[in-house]
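Step one of this worksheet: look at the structure below.
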Amino acid sequence: WRVRPAVLGLMWLESFVWALPLLVLGAVVMSRPVAQPMAMADGTAALAQLPWQAKLTISIGAGLYEELVFRLVLITLIHLVIVDVLRLQSQAGYVVGAVVSAVLFALYHNVQHPGGGADMRLLAFYSIAGLYFAFLFAWRGFGIVVAAHAIYDAIVLLSVRSS
């Protein structure tokens, strides 16, 4: 195989476009402008103190790690069990895998409300984002979903300013 720079460039552009709906979703669900991102909403204000290089590294690492665990491994494993072991339809494997991975993805993140209990807005955001990433993984593949996730995280974390 050969690396084609034009294809890679188009994949990055596509991933950037796929990251935009999450920024809008975060603004709508959290009832705050995109400039006040999810990173501040879920209690990670300490990230604001980090240099931009660290924020970028965290964004890339989180995009890769979370998509590897929650989409590539988890959805694939659930699909394997449902389709190959239980002999159900392939679509059922993807749907169950998407829902389970989205719920676990949401619970993996800090959804604690400052006053105690779960912050339902954060839980909703991460659940919807998990379903969105699952759809993107099934439709466009692992590379696109990793890049879209990393780009989203980078936009959010790089926009966080220390006070």
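Brief remarks follow.
- Members of the stretch 127-159 that are surrounded by 23 or more Cβ atoms within 10 Å (Cβ to Cβ), more than 12 Å from Leu72 (Cα to Cα) and of a type outside the set (A, V, I, L, M): Gly130, His149, Tyr152, Asp153
- Candidates in the stretch 113-126 are the residues that are over 17 Å from Leu22 (Cβ atoms) and in contact (Cβ under 8 Å) with a residue 24 or more places away in the chain; of these, the one that is most open to solvent (accessible area, probe 1.4 Å) is Pro114.
- The stretch 16-40 residues that are under 12 Å from Leu158 (Cα atoms), paired with ones that are assigned to a helix (DSSP H, G or I) and at pLDDT below 85 (beta carbon under 7 Å, 6 or more apart): Ala39/Leu47
- Cβ pairs under 6 Å, 6+ apart, first in the stretch 137-163 and in contact (Cβ under 8 Å) with a residue 24 or more places away in the chain, second of a type in the set (Asp, Glu) and open to solvent by less than 20 Å² (accessible area, probe 1.4 Å): Val145/Glu67; Val146/Glu67; His149/Glu67
- Number of the exception - Ser162 against (1) modelled with pLDDT under 90; (2) within 14 Å of Leu23 (Cα to Cα): (2)
- Per-region count, the stretch 80-114, residues more than 20 Å from the chain's Cα centre (by Cα), over 22 Å from Leu136 (Cβ atoms) and not β-branched (Val, Ile, Thr): 6
- Applying the condition of being open to solvent by 50 Å² or more (accessible area, probe 1.4 Å) and part of a helix (DSSP H, G or I) to the stretch 13-32 and asking which residue is modelled with the lowest pLDDT yields Val28.
- When each of Leu80, Leu104 is tested for being closer than 22 Å to His149 by Cβ, open to solvent by 60 Å² or more (accessible area, probe 1.4 Å) and in a helix (DSSP H, G or I), the lone residue that passes is Leu104.
The values are calculated or read from the model by the stated rules, or taken from the named source; none is laboratory data. Predicted, not measured: the structure shown is a model, and the values here were computed from it. No Cβ is skipped: glycine too gets one built from the backbone with ideal geometry, and neighbour counts run over all protein chains shown. Accessible surface is based on the protein model in full, side chains and every heavy atom, while ligands, DNA and RNA are left aside. Shrake-Rupley method; radii C 1.70, N 1.55, O 1.52, S 1.80 Å.
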